[in-house]
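Report on the following structure.
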Amino acid sequence: MVIELPDIATQQAMIFEEGTKAAIAQLKANLEAPRVPPQTEVDESQYPRTHLLREREGWEPPHPDIIGAYFRHFQSHFKEYGTDAKLADLLGLSTNRRVRAFKEGSTPVPYGVWRHFLILTGRVPQDVIPVLAFMG
């Protein structure tokens, strides 16, 4: 018995296409996420909005008050992430001590972690990076 398989390049193209289709489906599903009232713990107008920018646009780490307010607001609406350990896991952090350090201001939150959280909470759009060419 002989099983015909496409060559590696064709298999990679098929995987890329399926991954892209799945990503498009997820982006469309994201538009249907529930709407939650904004946080009211801090007056955001008293803080710069640079924490919402992309790195190349002048992003700066958010003030600890913003971090704490955003995290607590999220956790109050999603009980499955109600502990710092569970939130840390969602954000890809190895320990809940990092979440506490971000809230306290003893450690600035890294751009990638913060951007991930902002995307999860619908505060910023997801970046879609163009493919310039298939190189191999």
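Neighbours of Phe71 by Cβ distance under 9 Å: Lys/Arg scored +1, Asp/Glu scored -1, total +1.
In this Cβ point-charge picture (+1 for Lys and Arg, -1 for Asp and Glu), the range 44-120 has a dipole of about 140 debye about its Cα centre. Label positions at Met14 and Thr107, each projected 7 Å from the Cα along the C-beta direction, are separated by 4.3 nm.
At what distance in nm do the modelled label points of Leu132 and Asp43 sit from each other, each positioned 7 Å from its Cα along Cα→Cβ? Inter-label distance under the simple model: 4.7 nm. With R₀ fixed at 30 Å, the C-beta to C-beta distance from Leu27 to Ala85 puts the FRET efficiency at about 0.55. Are there GluC sites (Glu not before Pro) in the range 31-136 that DSSP puts in a loop and that have at most 14 other Cβ atoms within 10 Å, and which ones? Within the range 31-136, the qualifying GluC sites (Glu not before Pro) (loop, at most 14 other Cβ atoms within 10 Å) are Glu32, Glu41.
In a simple Cβ point-charge model (Lys, Arg +1; Asp, Glu -1; nothing else charged), the range 1-134 has a dipole of about 380 debye relative to its Cα centre. Between the range 85-136 and the range 1-38, the alpha-carbon centres lie 22 Å apart.
Distance between the modelled labels on Ile3 and Glu55, one decimal in nanometres: 4.2 nm (7 Å Cα→Cβ projection). Relative to the dominant Cα principal axis of the chain, helix 64-77 is inclined by about 70°. Its relative contact order, with pairs defined as Cα atoms under 8 Å and 6+ residues apart, puts the chain at 17 percent. Over the chain, dividing the summed -39,500 (n - 2.57) contributions of all DSSP H runs of at least 4 residues by the number of residues returns a 222 nm mean residue ellipticity of -14500 deg cm²/dmol. Rounded to the nearest 10 degrees, the angle from helix 111-120 to the longest Cα principal axis of the chain is 80 degrees. Angle between the Cα long axis of helix 8-30 and the longest principal axis of the chain, 0 to 90 degrees, nearest 10? Relative to the chain, helix 8-30 is tipped by roughly 40 degrees.
Here Rg and Dmax of the Cα atoms in Å was computed from the coordinates, and among [x] 19.4, 72; [y] 16.2, 59; [z] 21.9, 64 the match is [x]. All Cα-Cα separations within the range 44-120 were binned at 10 Å from zero, giving a P(r) of 19, 56, 23, 1, each value a whole percent of the pairs. Sites listed here are chymotrypsin sites (Phe, Trp or Tyr not before Pro) in the range 101-136 whose DSSP assignment is loop and whose Cβ has at most 11 other Cβ atoms within 10 Å: Phe134.
Dipole of the range 7-136 computed with +1 at Lys/Arg Cβ and -1 at Asp/Glu Cβ about the Cα centre; of Thr40, Ile129, Phe117, farthest Cα towards the positive end is Thr40. How many lysine pairs in the chain, separated by 8 or more positions in sequence or lying on different chains, have Cα atoms less than 29 Å apart? Lysine pairs meeting both conditions in the chain amount to 4.
Among Asp89, Asp65, Asp43, the residue with the largest mean-square fluctuation in a Gaussian network model of the chain, with springs joining Cα atoms closer than 10 Å, is Asp43.
Read the figures in this text as sums done on the coordinates, not as results from a lab. Being a predicted model, the structure only gives us computed values, none of them experimental. Please note: Cβ atoms are built from the backbone with ideal geometry, for glycine as well, and neighbour counts cover all protein chains shown.
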